[in-house]
Amino acid sequence: MTFKAFVVDLDGVIYVGDRLLPGAREKIQKLRRQGRVIFLTNNSTKSRKAYVDKLLGLGIDVSEYDIFTSGYVSALYIKEKLGIAKVFVVGEEGLKKELEMMGHEICFRDCNVVITGLDRDFNYSKMAMASRFIREGAEFIATSPDATFITERGFMPGGGAIVKAIEVASGKNAIVVGKPSKIIGKLIMKELGVKPDEILLIGDRLETDIAFGKAMRMKTALVLTGVTTEDEVRNSKIKPDFVLDRL
């Protein structure tokens, strides 16, 4: 089976932490000889430019046009839906940079949007402020529902854990922009300009990566270098088209 485009996750597929996974660089080169390759990540802690720098440092040639982060797409979604917004951010510098580059204002009072991403400095004060703005009518946007992410030290709590805390505190569910949402899916389809079954989605997480690919009618490949085990694949209702030991 041949494909015209490839949508590739980063964490757990290309690298873990700062360690390039075996064969990843060579595989990306091979895929590019077949079609367009874009990278799609739910991790909003870095800006697209920071991801470019990281991938170049790992020996993978890439530009910002090849990278779609949940932070970038969230900033675009807010602009298209609400215009330039005043945004309270529960997240890190990469998310803030993407919002500012889109023209949004980072705010701490009278905010009309609350956005959450992975925030390794998350605390009670941030949760209280976010939930108050949401109760007062602010839109509640989540960059990612991922409960965990993998590092060189093992699993760590993800941005989705923070989303759940604020949902409970505010009494309102977030609008999820990152995978598996069709919000990010529609942008990817527009960018690639090919039929869904001509795209192969490659990821390491069943409930976001593979579920996203299925929802968008792409073909899907799960790699076992990230968060998902073979037992979890066997026991899951979400079935990828292909299961690979590595990229």
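Just so you know, all these numbers are worked out from the coordinates, no wet-lab data involved. This is a predicted model, so every value here is computed, not measured. Please note: Cβ atoms are built from the backbone with ideal geometry, for glycine as well, and neighbour counts cover all protein chains shown.
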Counting other C-beta atoms within 10 Å, which of SER144, SER47 has the fewest, and how do the rest follow? SER47, SER144
Cross-link reach list, aspartates and glutamates versus LYS186, counting only Cα pairs under 14 Å and skipping chain neighbours closer than eight places: GLU80
If you line up the long axis of helix 48-57 against the longest principal axis of the chain, both from Cα atoms, how many degrees apart are they, to the nearest 10? 40 degrees
Dimensionless Rg/Rh of the range 84-176, both radii on Cα and Rh by Kirkwood, sits at 0.97
In Å, the C-alpha Rg and Dmax of the range 38-129 are 13.7, 44
For the range 145-203, list log₁₀ I(q)/I(0) at each q in 0.16, 0.17, 0.27, 0.31 Å⁻¹, using the Debye formula over Cα point scatterers of equal strength and ignoring solvent, two decimals each. -0.70, -0.75, -1.06, -1.22
Give a residue-ordered list of calculated ³J(HN,Hα) values for the range 144-151 (Karplus: 6.51 cos²θ - 1.76 cosθ + 1.60, θ = phi - 60°; whole Hz; x for Gly, Pro). 7, x, 5, 6, 9, 8, 9, 10
Most packed first (mean Cβ within 10 Å per residue), the peptides 91-104, 188-201 order as 91-104, 188-201
As a footprinting exposure proxy, order VAL52, VAL243 by other Cβ within 10 Å, with the fewest listed first. VAL243, VAL52
To the nearest 10 degrees, how steep is helix 182-192 against the longest Cα principal axis of the chain, on a 0 to 90 scale? 50 degrees
So how many Lys-Lys pairs in the range 84-176 land under 17 Å Cα to Cα, not counting same-chain pairs under 8 apart? 7
Mean residue ellipticity (222 nm) of the chain, computed from DSSP H runs ≥ 4 via -39,500 (n - 2.57), nearest 500: -10000 deg cm²/dmol
When ILE78, ILE184, ILE106, ILE60 are ordered from fewest to most other Cβ atoms inside 10 Å of their Cβ, what list results? ILE106, ILE60, ILE78, ILE184
Nearest-ten-degree value, helix 70-82 long axis tilted from longest Cα axis of the chain: 50 degrees
